[in-house]
Amino acid sequence: MLEVALDGFASLVCLPSAILVAEILAASTLKNRASLAFRTGGSIRPGPIAVIVPAHNEEAGILPTLQDIEAQLRPGDRLLVVANNCSDNTAAVARAVGAEVSERHDPDHRGKGYALDWGMRHLRQDPPETVIIIDADRRVAPGTVLTLAQAALATGRPTQALNIMKSARAGPRRRVQELAWVLKNYVRPLGLARFGLPCQLMGTGMAFA
């Protein structure tokens, strides 16, 4: 009985590793990765898009993110920065580049979830067709905003952008971290797509119709 119990325990321990290996193998066998993608709805012209950027004391690094987003917005689209319990000049930096800013001050309720709820409530005054959420410390590749909105509208599902790390610092530790992000946020979702399964939402780069 002990041997059977140990075998069962070993199987349970190995199961996550087996799933990971299966996902990697499935992703590596793809010849045409684009064929697995949902139709992005390239012919769809989305209505108003709102991009919410939750920010807590991001004065030092938020500017490049906002500039990336602003460059992709069309007339009628909105960039909303939720300055969440900030004690620095995050709100001022955001306003300086033309972003709409909603300041939230509630020290008893901290965290990104409260900021997003605040932002969604703010948007109810003039609801957009699509909402995109992007963290304040991310760079946003050209075309991301429109492509995410098109995909969300075409599929009627939440849509997740590719989210990877590129460190400005050198060193083995940073390279390992970058590899881990590629494995988790790129390779594994490809494997899941190969099996006909969805990927997880990653907290940033998400679009909702």
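The values are calculated or read from the model by the stated rules, or taken from the named source; none is laboratory data. Source: prediction; values computed, not measured. Neighbour counts are summed over all protein chains in view; Cβ atoms, including those assigned to glycine, are modelled from backbone coordinates with ideal geometry.
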Checklist entry - Mind checking which residues of the stretch 49-72 are surrounded by fewer than 18 Cβ atoms within 10 Å (Cβ to Cβ), on the phi < 0 side of the Ramachandran plot and part of a loop (DSSP other than H, G, I, E, B)? => result A60, G61, A71
Checklist entry - Any residue at all in the stretch 149-157 that is at positive phi, surrounded by fewer than 18 Cβ atoms within 10 Å (Cβ to Cβ) and at pLDDT 90 or above? => result yes
Checklist entry - Does the stretch 84-103 hold any residues that are in contact with a helix residue (DSSP H, G or I) (Cβ under 7 Å, 6 or more places away or on another chain) and part of a loop (DSSP other than H, G, I, E, B), and which are they? => result V97, G98, A99
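Here are V4, V81, V13, V21: which of them is β-branched (V, I, T), at pLDDT 95 or above and either surrounded by 11 or more Cβ atoms within 10 Å (Cβ to Cβ) or not in a loop (DSSP other than H, G, I, E, B) (or both)?
The conditions single out V81.
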Checklist entry - Within the bounds of the stretch 186-203, is there any residue that is exposed (fewer than 14 other Cβ atoms within 10 Å of the Cβ), at pLDDT below 95 and more than 30 Å from A18 (Cα to Cα)? => result no
Checklist entry - Where residues in the stretch 101-135 are under 18 Å from I69 (Cα atoms) and hydroxyl-bearing (S, T, Y), which of them is surrounded by the fewest Cβ atoms within 10 Å (Cβ to Cβ)? => result S102
